[in-house]
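Quick note: the coordinates plus some simple rules give every number you see, no bench work behind them. Note that the structure is predicted; figures quoted are calculated from it, not measured. Virtual Cβ from ideal backbone geometry, glycine too; neighbours counted across all protein chains shown.
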Amino acid sequence: MQRIFSGIQPSGIPTLGNYLGAIRNWVALQGQHECIYCVVDLHALTAWQEPGVLRARTREMAASIIACGVDPQKHIVFHQSAVPAHVRLAWIFNCVARLGWLNRMTQFKDKAGSDREAASAGLYVYPNLMAADIHAYHATRVPVGDDQRQHLELANDIAQKFNHDYEVDFFPNIEPLILGPAARVMSLRDGSKKMSKSDPSDQSRINLTDSADEISNKIKRAKTDPEPLPESVAGLENRPEARNLVGIYAALSDGSSADVLAQFAGQGFGKFKPALAELLVEKLRPIADETTRLLGDPGALDAILRDGARRAAAIADPIVAEAERIVGLLKV
Ligand code: AQP
């Protein structure tokens with residue numbers, strides 16, 4: 001059975017993008033894999049977080065993951081800061097990764113914006129911590145959205161350089177699992193930007209906790225164009241907002257964009273948007289309700305996270321201790 005690792009930042013309420021690009025696939029992969037799913041609170045610190053809000057969001061994110069269908073008994077759900085092995089290995093990787101590699105990371109450029117000097121050093125070395133998250137478990141498969149592809153390539157570069165420099169075959173190659181027709185869900189306000197839980201505009205995203213009315217209003221106001229839906233997927237080219245909404249419908253109905261167009265071709269958004277809103281409400285309401293139920297018992301949720309951290313550490317500690325031995329740290 002292959003081991004899967006994936007993480008999500010508690011930097012906001014999880015969005016439809018997080019769900020379709022990542023969490024839904026986490027659920028589907030449970031049958032055939034040993035899964036380790038992490039709320040990466042240390043990654044969230046790379047941008048400013050109100051301390052109390054970060055703690056609340058960490059619980060909320062864990063509750064959402066479980067509400068989506070991840071089984072914390074059969075698999076592992078925990079929060080990153082509870083397992084120090086991540087940070088120990090990240091420091092070693094900070095010393096393996098080259099500045100030139102980090103300079104090429106497009107997510108840093110996007111998130112740092114025009115004022116790079118003001119970005120945190122943590123944001124810059126974020127991909128090294130992400131590489132450590134995965135390699136601390138010798139995980140070989142990582143289900144992520146398409147936006148994380150470049151970081152996973154870097155994680156492989158780091159592993160190869162580590163293995164080469166220390167003449168070992170210690171860290172395995174990892175394979176990204178980028179699944180489904182909505183592997184990159186775009187903002188509802190701008191089809192060229194990905195949907196993000198930290199986007200300042202709440203109208204740009206569907207949150208997994210949005211009410212039916214909020215979902216309907218956001219879809220009603222979502223940016224589109226005046227053309228009816230085309231007959232083929234090729235007709236969505238240069239229509240990023242239309243392509244995004246069709247992709248979301250396809251993912252939620254377990255079909256393809258071509259299937260959706262077969263149903264809605266020739267119809268305007270006045271018809272398509274209410275159908276999409278209805279489908280979103282049908283799929284997301286049960287998740288929101290279960291999240292609320294889980295958050296109603298914080299003691300039980302914390303117990304799940306503590307148990308997850310204990311089992312995660314039992315896997316990661318010996319692997320990271322061996323990496324420390326390989327690089328020459330004294331173990332007494
Ligand atoms: N829009 C998206 N479409 C598809 N997948 C997405 N993911 C994120 N946004 C989309 C996937 O969700 C997982 C968790 O992401 P993350 O929380 O670690 O960070 P992120 O990619 O930076 O996500 P956000 O929502 O944009 O967070 P903020 O706003 O804090 O930066 C990843 O697998 C990611 O691919």
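What does the helix-only formula give at 222 nm for the chain: each DSSP H stretch with n ≥ 4 adding -39500 (n - 2.57), the total divided by the residues, and the result rounded to the nearest 500 deg cm²/dmol?
Calculated from helices alone, the mean residue ellipticity at 222 nm is -16500 deg cm²/dmol.
Mind checking the log10 I(q)/I(0) for the range 153-303 at q = 0.14, 0.18 Å⁻¹? Debye, one equal scatterer per Cα, no solvent, two decimals.
-0.78, -1.03
Among 246-257, 287-298, 310-321, 97-108, how do they line up from the highest to the lowest mean number of other beta-carbon atoms within 10 Å?
Most protected by this proxy first, the peptides run 246-257, 310-321, 287-298, 97-108.
At a 10 Å Cβ-Cβ cut-off, how would you order C68, C95, C38, fewest neighbours first?
Fewest-to-most Cβ neighbours within 10 Å comes out as C95, C68, C38.
Could you check how many percent of all C-alpha pairs in the chain are farther apart than 33 Å?
Beyond 33 Å sits 29 percent of the P(r) for the chain.
To check you understand DSSP bridge types, tell me what percent of the beta bridges within the chain (both residues inside) are antiparallel, rounded to 5.
The answer is about 10 percent antiparallel.
What number, in percent, do you get for the relative contact order of the chain if the mean sequence gap of Cα pairs under 8 Å and at least 6 apart is divided by its residue count?
Here the relative contact order equals 24 percent.
Below 8 Å, C-alpha to C-alpha, sequence gap of six or more: please give me the relative contact order for the range 202-293 in percent.
It comes to 39 percent, rounded to a whole number.
At what distance in nm do the modelled label points of R310 and E214 sit from each other, each positioned 7 Å from its Cα along Cα→Cβ?
Reported label-point gap for R310 and E214 is 3.5 nm.
So how do 168-179, 47-58, 73-84 stack up, highest first, on mean other-Cβ count within 10 Å?
Per-residue Cβ counts within 10 Å, averaged per peptide and sorted highest first, yield 73-84, 168-179, 47-58.
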